[in-house]
Structure formats: C-alpha cells, structure tokens
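Input: a single structure, listed below in structure tokens.
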Amino acid sequence: MHTTRRRTIGRAAIAVTAVAALVTSLAACASGDDPAEPAESIPAEGVDDGSTLTLWTRAPLEHQANLLVDAYNATHENQVELTVVPNDDYVAKVGAAAGSGGLPDLFAADIVYVPNWAQQGLFTDISEQIDGLDFKDSINQGHLSAGTYEDKEYVLPFVLDLSMLFWNKELFAEAGLDPEKAPATLEEFAAAAQAVQALNKPDTYGTATGLNCGGCLVFTWFPSIWASGEEVLNEDGTESLLDGDAAQEVYETWSGLQESGAILPSSTDETGPTWTAAFSEGKVGVMPFPATLLPTLEFDAGVAGLPGVDGGASTFVGGDGIGISKDSKQSAQAWNFLNWMMSEEAQVEVLAQDGNAVSRSDLADNEYAAADPRLVTINEVAAQGDTPVAINFQQAFNAPGSPWLTLIRNAVLEGTDTVEADNDEITAILSQ
C-alpha cells in the first residue's frame, strides 16, 4: 500500500509553463513573493451574517460546484455567487486578478497548481482553522500536502478526481472472465484486455488510453508504480525515478498491448479531449478511468484501485483544492463556507448522494456509498493514493512535447531502449 508523503514545498515550487511569466509578475506585484497573512482569529464555524461571497471554479467541476453552492445558499444566511471559468482560461484569469488585487473571496485550483499559488501568496493561511477541525486526520492527505507551504496550510479539498481501474462487466462475461473480479496485477489487467480483444467484436477493443496526453498518463500510470511500492519522484520532486523496475513493467505491459492490437487505435494520437469516450460508449473492456465519470455510465462497470506489478492498489488523487484568497475582506464568512463544505452534511448529503467521492476517509462508508459498493471502493482507495508535487511539474509531464511523453512514446510505440536517457531529460527539467 502506498502512503502519501507529507511535503513542505520549497520556494522553487511547481512552475506553470504556459503562464510562468504571468505567475512571476503577479507574485511580485501582489505579495512580494511571500504568502498571504494568516486569517484573523475567527469562530470555529466562521461567521454566517448574510454576507455575499464570491467563488471561482473551473468548468470541469461546474456540476459539483453548483451542488455545493446551491446547498449552502439554501441553508445559510451568507450567499455564495459562483463564477464558472472555461478551463483553458482559468490560470490566466486568476493571474490577472491576483496582480490587480481582484481575486474572489474563494477560488478553487487544479491541485497541480496549488503549490505554486500557495507559495506565491494567492491564498490566505488557514492553518489555525484547519488544525482546529476534529476530523483533520481524515481529510485527504494528498490535497492537504499539496496546499502546505513552509508548514502552513492554505487549502482544503474541493472535489476529488481519482483514477481507478474500470471494466465493462458485460464484455468480461462474454470473454469468459469473472465480471465480479477485478484484475489484481498488471499481468491480469493485460490478460483481461487481451481476452476482450479476442472476442473480435466490431469497434470493440481490450483497452484504451491517451498515448499523446501526458496528463492522462500521469493520472493513470503513476498509481501502478505506487501500488508496486516504488516512487515516481524523489522526496523534494527534483529527480525523476521513472526508470525503476515497476515503471519499466508498466511500459512493457502497454507496449505488449499495443503490439497485439488490443489498444483502441485512436489512443496513439489521443491528446486528452476524448480519451474516455470509447469506454463510456461500452466499446472498451478495461482501462484506467476517472472515478468522477462513474455516474455517467449507462452499463454495469466494475471498479477497483489501479493494480501494481504484483498486486496492491493505488490512485492519483487529482481534482481541485480550494482556499480563501489573499484579497478577501471576509475571511470569517469564507471560512464558514469551507467549514460547512467539509462537514458530514456537505460531504455525504450533497457530494456522496450525487455519487461523488468524499474528501474525508471517516465518511467513506456512508449510506449512499453503502448502496453502491463501488463508491466505498473509490473512497477507500483515495486514502492509498498520492498527489505528486514537483518543480516544473507541468513542463516535465503535462505540456505537449514533454520529456515524459517522449519517454512513453519511445518505450511503448517505438520500442527503443531509451528509458534511462529519457528519464534523465525529465530530471533535467525538474531540477531547474
């Protein structure tokens, strides 16, 4: 079992490649490269006095954000005004607002960007408030860790997005596989994909992925390395360990599936927008898949943690964190929203009832999850996953043409023996 490591992010925190200059300049004019001051001493539950709060979120989380905001507004004197921003515009919008002192009271951030924005001072220090929660130890540690800078805490989990192993039970049964049994190792995963491929059903494939999507592959392949007991990065995120034994087993497994034709052909050039579509349409047997899409499936799917070489299970704990901005003049009221958001009422009666993962492990086995054991599995595996934090993570892994993509395409599509050299190129960027 992989255990999330708690990290203290140094001043060379994550860089956002496309907006590096913007982030640097906004930090200089907004906060002098220092984190915002701690929130003033406020009541444990915050203040609910009829104030109007502003909140920004990315479009991919619009559904969950609306659920939370609507439920809060219906039960509180305070009222939250939600602004949903297109994903591709979000970083630039936050950067411009931070530079001009115009951030909303609350804003969510892709967990990959949280360390950078916390270090740059865009969030208010809410360590005292978080530490005062009697369930703090049950809050997802990957998100708390990503939002911690120099031992100060700046964000709470907003919405979790977890990578899990999904399989189509009908296709498994047709292929002679046990539809109720998850592949427990990488080898079993590959064998299941091959079995579905052997059905030779029109437009149906064993598995699928995004082989030209660095973020997709980070999200879905890192967990198999963690489940095998190995790490993908060193402790401070300055060295890539993606030439290790488990990592190479992952590459070889997918290379074998590619050579045998068991991977959806469009996966080769898939850059991300449609990497989950074929499974959602019932045309793929088994694949790593986002847990947030479970409620959208119209067929019976099995769900398990992503397996390692010899077993185990892990997940990439993605999604968004949320905090109080440096510009808010209503920290006590904003904390009232965050405090409620982490409550059993919000986590269970709002998020879990809708089929979403909860951010507290002590609420994993709730009444709604109990009605669907797959939700219990998702919630439990969340505690076994990680949220990697590294210098220049975006440039090293997610950017088009990243050295991570080069490594994958060389190892899986070309079959070249360049893993060590390609891994060194990742390290070269991480250590800048």
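The values are calculated or read from the model by the stated rules, or taken from the named source; none is laboratory data. This is a predicted model, so every value here is computed, not measured. Backbone-built Cβ (ideal geometry, glycine too); neighbour counts: all protein chains shown.
Every residue, every condition in (1) assigned to a helix (DSSP H, G or I); (2) assigned by TED's automatic domain parsing to the domain that holds Asp48; (3) farther than 19 Å from Val112 by Cα, yes or no:
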position	(1), (2), (3)
Asp327	no, yes, yes
Ala332	yes, yes, yes
Trp335	yes, yes, yes
Leu351	yes, yes, yes
Ala369	yes, yes, yes
Asn379	yes, no, yes
Gln384	no, no, no
Gln395	yes, no, no
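Between a first residue in the range 131-151 that is over 18 Å from Trp340 (Cα atoms) and a second residue that is of a type in the set (Phe, Trp, Tyr) and assigned to a loop (DSSP other than H, G, I, E, B), which pairs have beta carbons less than 8 Å apart while being 6 or more apart in sequence or on different chains?
Gly147/Tyr154; Thr148/Tyr154
What residue, among those in the range 311-341 that are aliphatic (A, V, I, L, M) and within 18 Å of the chain's Cα centre (by Cα), is farthest from Phe289 (Cα to Cα)? Lay out the reasoning, then the answer.
Here is the first cut: in the range 311-341, the ones aliphatic (A, V, I, L, M) are 313, 317, 322, 324, 332, 334, 338, 341.
Adding the requirement that they be within 18 Å of the chain's Cα centre (by Cα) leaves 313, 317, 322.
Details: Ala313: 14, Val317: 13, Ile322: 24 Å.
The extreme case among them is Ile322.
Restricting attention to helices (runs of 4 or more DSSP H) lying wholly within the range 45-129, give those where 1 or more residues are charged (D, E, K, R).
Numbers: elements: 62-75, 87-100, 114-119.
Per the criteria, 62-75, 87-100.
For the range 133-179, enumerate the residues that are assigned by TED's automatic domain parsing to the domain that holds Asp327 and on the phi > 0 side of the Ramachandran plot.
Across the range 133-179, the qualifying residues are Glu150, Asp151.
Quick check on my filter: what residues within the range 162-181 are buried (at least 21 other Cβ atoms within 10 Å of the Cβ) and part of a loop (DSSP other than H, G, I, E, B)? Walk me through how you get there before you give the answer.
Looking only at the range 162-181, we keep the residues that are buried (at least 21 other Cβ atoms within 10 Å of the Cβ), and these are 162-168, 171-172, 175.
Scanning the range 162-181 gives a single hit, Ala175.
List pairs: first residue in the range 65-90 and assigned by TED's automatic domain parsing to the domain that holds Ala108, second residue part of a strand (DSSP E or B) and at pLDDT below 95 anywhere in the structure, Cβ distance under 6 angstrom, at least six positions apart or on different chains.
Asn87/Arg58; Tyr90/Arg58
Find the residue count for the range 160-189, including only residues that are touching a helix residue (DSSP H, G or I) at 6+ places or on another chain (Cβ under 9 Å), under 24 Å from Ile225 (Cα atoms) and among the aliphatic types (A, V, I, L, M).
Qualifying residue count, the range 160-189: 6.
Somewhere in the range 388-399, is a residue under 20 Å from Ala247 (Cα atoms) and modelled with pLDDT of 95 or more?
no
Look through Asp362, Asp354, Asp372 and report the one residue that is surrounded by fewer than 17 Cβ atoms within 10 Å (Cβ to Cβ) and without any contact (Cβ under 8 Å) to a residue 24 or more places away in the chain.
Values: Asp362 fails: without any contact (Cβ under 8 Å) to a residue 24 or more places away in the chain; Asp354 fails: without any contact (Cβ under 8 Å) to a residue 24 or more places away in the chain.
The unique qualifying residue is Asp372.
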